[in-house]
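Encoded as structure tokens, the structure appears first; notes follow it.
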Protein chains: 2
Amino acid sequence: MSPTHAPAGAARQGSLRELNLALVLGRIAAADRPPSRADLATATGLTRATVSAVVEDLLAGQLVSEADPAPRAGAGRPARGLVLADHGPAGLGLEVNVDYLAVCVVDLAGQVRHRTVHRADLRPVDPADALARLVELAGRARADADRQGLTLAGAALAVPGLVDDAGLVRLAPNLGWRDVAVPALLAEHPALTEQVPGVPALMVDNEANLAALGELHSRPPGPASFLHISGEVGIGAGIVLDGALFRGVRGWSGEIGHLPVHPQGRPCRCGGRGCLEQYAGQEAIVAAAGLARAELPADTATVRLAELAEAGDDAALRALRDAGTALGVAVAGVVNLLDLDTVVLGGGYAPLAPWLCPPVLTEIAARVLTAAWSPVTVRPSTLGAEAAVVGAAGSVVRRIVARPGGWLARCG
Amino acid sequence: MSPTHAPAGAARQGSLRELNLALVLGRIAAADRPPSRADLATATGLTRATVSAVVEDLLAGQLVSEADPAPRAGAGRPARGLVLADHGPAGLGLEVNVDYLAVCVVDLAGQVRHRTVHRADLRPVDPADALARLVELAGRARADADRQGLTLAGAALAVPGLVDDAGLVRLAPNLGWRDVAVPALLAEHPALTEQVPGVPALMVDNEANLAALGELHSRPPGPASFLHISGEVGIGAGIVLDGALFRGVRGWSGEIGHLPVHPQGRPCRCGGRGCLEQYAGQEAIVAAAGLARAELPADTATVRLAELAEAGDDAALRALRDAGTALGVAVAGVVNLLDLDTVVLGGGYAPLAPWLCPPVLTEIAARVLTAAWSPVTVRPSTLGAEAAVVGAAGSVVRRIVARPGGWLARCG
DNA sequence: GCAAATAATTCAATCGTTGAACAAATAGCG
DNA sequence: CGCTATTTGTTCAACGATTGAATTATTTGC
């Protein structure tokens, strides 16, 4: 968390260098223009001598490279700009969702260097088969990455469900998965299990969490704390606090879909009554708009809904307004509780944002105690449907940027 | 937050020692028996030589002292146990509340070494007057601390309202305060403004936040993540995530009292409808139980309510059950969102916990998606009404334990 | 009384940062 | 064209902190 607390381990000599590697690399990543060594020295408070030594390590490890000297006015020896390497380590992002498989590769700078989306209804498919198909796509992505001079340093898999620390998918209701041991199933595929010391070969995480991370690291940089809501069949939220994803005690945070908005209302499949999902979930909106939901795959339903709303269809507009109001009630509660100033509507909500935002803002204005002093921003996701895969791949490279020691120990 | 992110500043030589000072001191604080230098070496991973050097610094700065050798079986030179000093720096805790002023002193080990509670109705009192009275109590506390060989290293003030970063009390509705610049008003009183480098002389914070911190550091140590709910006239929550208080973007988190539990229900003074406060706030419970609330000060009302419930009074029991159900709906939402496994009922809720817990647990069981896999504990606060002052004083000493460098630089 | 065992300290070696001096490379100016 | 001012980046002795081994201190068990 943020959180200023003592470190876990002992601070030995080497930790010092590791901290400064992270500090300098982080500055290079955050800068909007390639900084020189001298810039980094003044920005970080380190000596130019130390910065030179640190940068030498980073160059040797292929984490940064020297760019063309940035033009500068005035006299003096020209600076050599430093940028994140476009040929160093990269992250592999994977996603299994209800109606598609996706794979992408993201480099250190956060650029998407490869992407594949394979549309298919995954519900009737056995988990092992689904993962086998995904591994095939991943193999092609790896080949493409190699061709571009990138080395995959790890992989992360996004799943629409509850995942525990060991990567076991406890429950993915809309996918029909229960207790699927993803790491064990993927262990047979060497394409994914190439080891980097200190970096787990594969991380499995909730789709909403990774989408929030994708949003966090998208350019231009947004706020460090926000709520990212993915409106799919279920409604998941990723909670980003002080630049870090909050995962909860067991990693199951973000189940905003089961916040009660009408405590005595419609029964929900979770066993409660009046959960948000029953009023603002995709199926609920589609049904309220009078569309036959069985006919349509999930992702085209929202597009169709947006078309109808655009055309001024009364039922669609009413359905969206009601869903937005329910969403607003829930979001207002969250904002009161966590004091966030930004809410991002992602996933299936992104294309519907023009109609959802107004009622959400109305509820916030009415219910949030501090709304009068400082406004709450509600905006659609910038990454859209790709947020989760991109966030998954990005989480791999972000871990390297945040702690480069592990990577350098391997590729020194 | 926990959060593994890079440090803010440059890691120079001295930071290394500072980190290890914090590491060793933290171990001494967390140990249940006085550890020897050798114990600390194995526990932290540092060399015995380093631990000796670090401990020497801590001894010189009066942060730890050597205890009687703990009896040990077997041969060998006896160890010298290390404990947190009972004569070093201490924290001053202050509280202004609706019907009392409180002051306490807490030493490094977390022991309360002085306490004063002054009962008075503070609502009609001018903020400056109230603070002046508090300063008088603080002066006596300081004298008492001096007599015990303690040096006050900072102070923290708990207020039942919204506080911003600068210590300005934006709004304390039940106290009738609005835009009260506490630090400016207290600056005239030198008893509180003795400076320690790196430690702000006075911190002002929300009462619910500090109560949660008090609970976090109470012995025996509880979980690192939990929700602490203070049920007073308003309902405030302190959110502790991974051992750190989560304050929100502007420091105004925890307004659980305005979570909507009946979106179209009773209007609330916040402008919304159906807020939790209208169903589980102290005034709401007292009214539902048929007590004339105007007759009773806030704190005796809950005691009276507990007596009635104990005696089997129907109206009181019904009022508590309904309040517990409303509270449970809100708490279930929070648990779904944040994935917490512990909820602490504090403040005015503590004595009512026997009647509130069952309906809260019922709602959690019905509404929390993951309740089937891992249970949620709901329990009363161990500190009771003193949690906020003790937490305030504790926050001062905790900051020293977490970063001893500042204190040692002063008292080397 | 002596050996074994455990605790704590001492000391040369090592590693990373520091600060200043030095080399490199350019713009401006006469 | 040559000189100076200016800024960048590197080199090097010094310093501070940790390390690991050797040493001293103190007790139990035989």
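Kirkwood Rh over Cα pairs of segment B:362-412 into Stokes-Einstein at 4 °C, 1.567 mPa s: D in µm²/s?
Answer, rounded: 88 µm²/s.
Could you tell me whether segment A:30-169 comes out rounded, prolate or oblate from its Cα gyration tensor? Rule is a ≥ b ≥ c as square roots of the eigenvalues, rounded for a/c under 1.5, then prolate if a/b exceeds b/c, otherwise oblate.
Taking the square roots of the gyration eigenvalues as a ≥ b ≥ c, segment A:30-169 is prolate.
Between A:T377 and B:R48, what FRET efficiency follows from the Cβ-Cβ distance if R0 is 56 Å, with the result rounded to 0.05?
After rounding to 0.05, the efficiency reads 0.55.
Report, largest value first, the span of the C-alpha coordinates of segment A:220-382 along each principal axis, in whole Å.
Here the Cα extents, ordered largest to smallest, are 42, 35, 29 Å.
When the chain is fully extended, how far beyond the present Cα-Cα distance does B:R12 get from B:T362, taking 0.36 nm per residue of separation?
Taking B:R12 through B:T362 to full extension adds about 120.6 nm, to one decimal.
Given charges of +1 on the Cβ of Lys and Arg and -1 on the Cβ of Asp and Glu, with all other atoms neutral, how large is the dipole of segment B:222-382 about its Cα centre, in debye to the nearest 20?
Around 400 debye, computed over segment B:222-382.
Sequence-distant or interchain residues sharing an amide H contact under 5 Å with A:I235, placed H: which?
HN-HN under 5 Å from A:I235: A:G257.
What are the distances, in nm and sorted shortest first, from the label point of A:G265 to the label points of the same position in each other copy, with each label point placed 7 Å from Cα along the Cα-to-Cβ direction?
Label-point separations across copies, in nm and ascending: 1.5.
Roughly how much of B:Y279 is accessible, in Å² to the nearest 10, using a 1.4 Å probe?
40
Can you list, shortest first in nanometers, how far B:R80 lies from the same residue in the other copies, with each label 7 Å from Cα toward Cβ?
Relative to the other copies, B:R80 has label-point distances of 5.3 nm.
Is the shape of segment A:121-173 rounded, prolate or oblate, going by the alpha carbon gyration tensor and its root eigenvalues a ≥ b ≥ c, with a/c under 1.5 for rounded and a/b larger than b/c for prolate?
Oblate, because a/c is 1.5 or more while a/b does not exceed b/c.
Over what distance in Å are the Cα centres of segment A:235-254 and segment B:109-158 separated?
39
Would you mind counting up the charge near A:R115? Only other residues with Cβ under 12 Å from its Cβ, with Lys and Arg at +1 and Asp and Glu at -1.
Within the 12 Å Cβ shell, the charges total -1.
Dipole of chain B (Lys/Arg Cβ +1, Asp/Glu Cβ -1, origin at the Cα centre): which of B:A143, B:Q264, B:Q282 lies farthest to the positive side?
Ranked along the dipole, the leading option is B:A143.
Mean residue ellipticity at 222 nm from the helices of chain A, using -39,500 (n - 2.57) per DSSP H segment of n ≥ 4 over the full residue count, to the nearest 500 deg cm²/dmol?
Calculated mean residue ellipticity at 222 nm is -12000 deg cm²/dmol.
Based solely on C-alpha atoms, express the radius of gyration and the Dmax of chain B in angstrom.
22.7, 74
Could you tell me the accessible area of A:D314 in Å² (1.4 Å probe, neighbours in place), rounded to the nearest ten?
110
Leaving out ligands, DNA and RNA but keeping every protein chain, what accessible area does B:E277 have, in Å² rounded to the nearest 10, with a 1.4 Å probe?
Accessible surface of B:E277 is approximately 20 Å².
Of A:T370, A:T300, which has the most accessible area and how do the rest follow, probe 1.4 Å?
Sorted descending by solvent-accessible area, the residues read A:T300, A:T370.
Give the residue from A:A38, A:T50, A:G61 lying farthest towards the positive end of the charge dipole for segment A:13-84; charges sit on Cβ (+1 for Lys and Arg, -1 for Asp and Glu) and the dipole is referred to the Cα centre.
So the residue furthest toward the plus end is A:A38.
Quick one: dipole size for segment A:13-84, taken about the Cα centre, charges +1 on Lys/Arg Cβ and -1 on Asp/Glu Cβ, in debye to the nearest 20.
240
Mind listing the label-point distances from B:A67 to the same position on all other copies, shortest first, one decimal in nm, points 7 Å along Cα→Cβ?
Label-point separations across copies, in nm and ascending: 5.7.
Which shape class applies to segment A:13-84: rounded if a/c is under 1.5, otherwise prolate when a/b exceeds b/c and oblate if not, where a ≥ b ≥ c are the square roots of the Cα gyration tensor eigenvalues?
Note, shape of segment A:13-84 comes out prolate.
What is the sum of charges around B:L157, taking Lys and Arg as +1, Asp and Glu as -1, for the other residues whose C-beta is under 11 Å from the C-beta of B:L157?
-3
Within 10 Å of each Cβ in A:39-47, how many Cβ atoms from other chains are there, averaged over the peptide?
2
I need to check one value: relative contact order of segment A:220-382, counting alpha carbon pairs closer than 8 Å and at least 6 residues apart, in percent.
Here the relative contact order equals 23 percent.
At 20 °C and 1.002 mPa s, what whole-number value in µm²/s does Stokes-Einstein give for the translational diffusion of the protein assembly as shown, with Rh from the Kirkwood sum over Cα pairs?
Answer, rounded: 75 µm²/s.
Can you tell me the orientation of helix B:353-367 relative to chain B, as the angle in degrees between its alpha-carbon axis and the longest Cα principal axis, to the nearest 10?
80
Which one of B:V389, B:L320, B:A332 is farthest out on the positive end of the charge dipole of segment B:271-412, using unit charges on Cβ (Lys, Arg +1; Asp, Glu -1) and the Cα centre as origin?
Most positive-ward Cα: B:V389.
When the dipole is taken about the Cα centre of the protein assembly as shown, and only Lys, Arg (+1) and Asp, Glu (-1) are charged at their Cβ, what size is it in debye, to the nearest 20?
1680
Below 12 angstrom from the Cβ of A:E136, what's the summed charge of the other residues (Lys, Arg +1; Asp, Glu -1)?
Surrounding charge for A:E136 is +2.
Over chain B, calculate the relative contact order: mean separation of alpha carbon pairs under 8 Å at least 6 apart, over the residue count, as a percent.
18
The values are calculated or read from the model by the stated rules, or taken from the named source; none is laboratory data. Just so it is clear, the structure is predicted and the values come from calculations on it, not from any experiment. Please note: Cβ atoms are built from the backbone with ideal geometry, for glycine as well, and neighbour counts cover all protein chains shown. Just so you know, the surface numbers come from the protein's heavy atoms only, side chains and all, with ligands and any DNA or RNA stripped out. Shrake-Rupley method; radii C 1.70, N 1.55, O 1.52, S 1.80 Å.
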